[in-house]
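Trainee: Below you'll find the structure I mean.
Just so it is clear, none of the values below were taken in a lab; they were calculated from the coordinates. Computed from a prediction, not measured in an experiment: that's the story for all the values here. Ideal geometry is used to build each Cβ from the backbone, glycine not excepted, and the neighbour counts take in all protein chains shown.
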């Protein structure tokens, strides 16, 4: 049985910052500039062991950028590695194709396979680059650790070579040329040499480097052209985290699933080596998930507001991922109203919505409408009752949806009570046996948030909780269906609510209920998707 570390709710803080070309995060960038949103993890000051998750907006000039494709060989010795590589390869090809079209240099680096390309123009390009004046000592060799990594511990045991097949695959000869699924253009470069790559980058003025390929815990991080060397010798570096894979056997410590092992390596890299992005930054659409990853996918759509949803919900998402085996994506609003990442709704098992009075770009609101029109589940919190009602004319190119509350949530938000007294919360007696309320103490509790006025609500809704303040009682949480999809809404969601075990269990229960899955109680129910058998695959 997997032992899961309990994460304090406040342990993860999501912060947006801006770097790169000077501009506001929601300002339009020139069409040829790469606008990216790297994620990193920074240790909290004075809070050892806790990390803030930091998102930045960076803008890279394509002509100053290169993408290195690491060791995407035609045949690996491990069948599982081959299968996952084949799943990634088409998306890698599309990703580098999009980047190539913008002017980014593509470097193909199938280590040990250079003889296959002896006469290729792309190989000659790398060989012919003049020696760089700033060629670093050490760039010719790999790197097993950089200084920052000494603060942490390598998160997985890969001492057995990392093959996750049972029985273990024999270490047979590999086909070291690059898979045919990834195109090599004449204007690209081919090299497995750190020296050649550095010379080429110096010749072209490349200061920004992205890496894709395999394997994250071995070659991607440690090759002469890998993450560590690029970072320690001064490049701006990003790992494309959905276009990579680890060599990790779940039967080795820490005995988690293969996909979770990869996530642990990505987290290590985000803490100590470099930030990461997903391929969706250039291609749109959902990020790559391997077919073996059967974890339920929870997409959180949050924005900055005076209830700090941008802090509380991403922290809750991290807890869901660590303790309950969920795959969580946070689509975080930037600037006034822009949500890169909404394409993840295509593959979501449930959407959790907490935004307030935003007019979204038309194409983004259309994604949410499409999701809900298809009868897919929704969990909505507090200001989501007026999520898309801006009380005025929306900006050009944007759209609002003031009827969302009545049409989807079945509510009737028309204001709220005074902030100071807060709200007394009580279960609705007729719903005591509802699965969402499982594990919640039947007594009352107090919320620091003001009472929302929502009645009358849809008569077909099932009221789970009521709230009272200064002699007035209102529905506080309810369920209904919309186009056949399960809908849960609560006007709870004040930052202090997330400190209350009753509310955390309510939110946990509503998410699993909406997905039509058994509701776990507290952190006692370990997700089956992250258990690892001791004998068989």
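Trainee: Using the Kirkwood formula over every pair of different C-alpha atoms, what hydrodynamic radius in Å results for the stretch 429-525?
Mentor: So the Kirkwood estimate lands at 14.0 Å.
Trainee: Here's another thing I want to ask about it. Can you list the equivalent-ellipsoid semi-axes of the stretch 288-415, largest first and in whole Å, using the square root of 5 times each Cα gyration tensor eigenvalue? Before the final figure, lay out each step's value.
Mentor: Numbers: eigenvalues 119, 49, 41 Å².
Working through the eigenvalues yields semi-axes of 24, 16, 14 Å.
Trainee: What number do you get for the stretch 139-213 when its Cα radius of gyration is normalised by 2.2 N^0.38 Å, N = residues?
Mentor: In units of the globular-protein estimate, the stretch 139-213 measures up at 1.52.
Trainee: Please state the equivalent ellipsoid semi-axes for the stretch 297-514: what are the square roots of 5 times the Cα gyration tensor eigenvalues, largest first, in whole Å?
Mentor: Semi-axes from the Cα gyration tensor: 25, 20, 17 Å.
Trainee: Separate question: Show me 141-152, 59-70, 468-479 ranked by packing, highest mean number of other Cβ atoms within 10 Å first.
Mentor: 59-70, 468-479, 141-152
Trainee: Can you sort 165, 188 so the residue with the fewest Cβ neighbours within 10 Å comes first?
Mentor: Ranking 165, 188 by Cβ neighbours within 10 Å, fewest first, gives 165, 188.
Trainee: Expressed in whole Å with the largest first, what are the equivalent ellipsoid semi-axes of the stretch 61-283 derived from the C-alpha gyration tensor as the square root of 5 times each eigenvalue?
Mentor: Largest first, the stretch 61-283 gives 27, 20, 16 Å.
Trainee: Normalized C-alpha radius of gyration of the stretch 239-291, against 2.2 N^0.38 Å?
Mentor: 1.20
Trainee: While we're here: Restricting to bridges with both residues inside the stretch 297-514, how much of the DSSP beta-bridge set is antiparallel, in percent to the nearest 5?
Mentor: On the way: 23 of 41 bridges.
Around 55 percent antiparallel, to the nearest 5.
Trainee: Among 398, 191, which comes first, second and so on when ranked by fewest other beta-carbon atoms within 10 Å? Walk me through the numbers on the way to the answer.
Mentor: On the way: 398 19, 191 27.
Fewest-to-most ranking of 398, 191: 398, 191.
Trainee: Over the Cα atoms of the stretch 85-145, compute the convex hull volume and normalise it per residue, giving Å³.
Mentor: 164 Å³
Trainee: Of the labelled options (i) 52; (ii) 46; (iii) 57, which one gives percent of Cα pairs over 30 Å apart as computed for this structure?
Mentor: Here the calculated entry is (i).
Trainee: Report the antiparallel proportion of the DSSP beta bridges in the chain as a percent, rounded to a multiple of 5.
Mentor: Numbers: 34 of 78 bridges.
Here the antiparallel bridges make up roughly 45 percent for the chain.
Trainee: Also, I was wondering about something else. Specify the inter-centroid distance of the stretch 235-278 and the stretch 295-317, based on alpha-carbon positions, in whole Å.
Mentor: Going from one Cα centre to the other spans 22 Å.
Trainee: Arranged from highest to lowest average of other beta-carbon atoms within 10 Å per residue, in what order do the peptides 367-380, 256-269 appear?
Mentor: 256-269, 367-380
Trainee: In percent, how large is the relative contact order of the chain, given Cα pairs closer than 8 Å and 6 or more residues apart? Kindly include the intermediate steps, with their values, before the conclusion.
Mentor: Working: 1162 pairs, mean separation 74.6, N = 537.
Relative contact order for the chain comes out at 14 percent.
Trainee: Further question: Using the 10 angstrom Cβ neighbour count as an exposure proxy, how do 82, 219 rank, fewest first?
Mentor: Details: 82 18, 219 21.
So the residues, fewest neighbours to most, are 82, 219.
Trainee: From the helices alone, meaning DSSP H stretches of at least four residues, give me the mean residue ellipticity at 222 nm for the chain, per-run term -39500 (n - 2.57), in deg cm²/dmol to the nearest 500.
Mentor: Result for the chain: -6500 deg cm²/dmol, rounded to the nearest 500.
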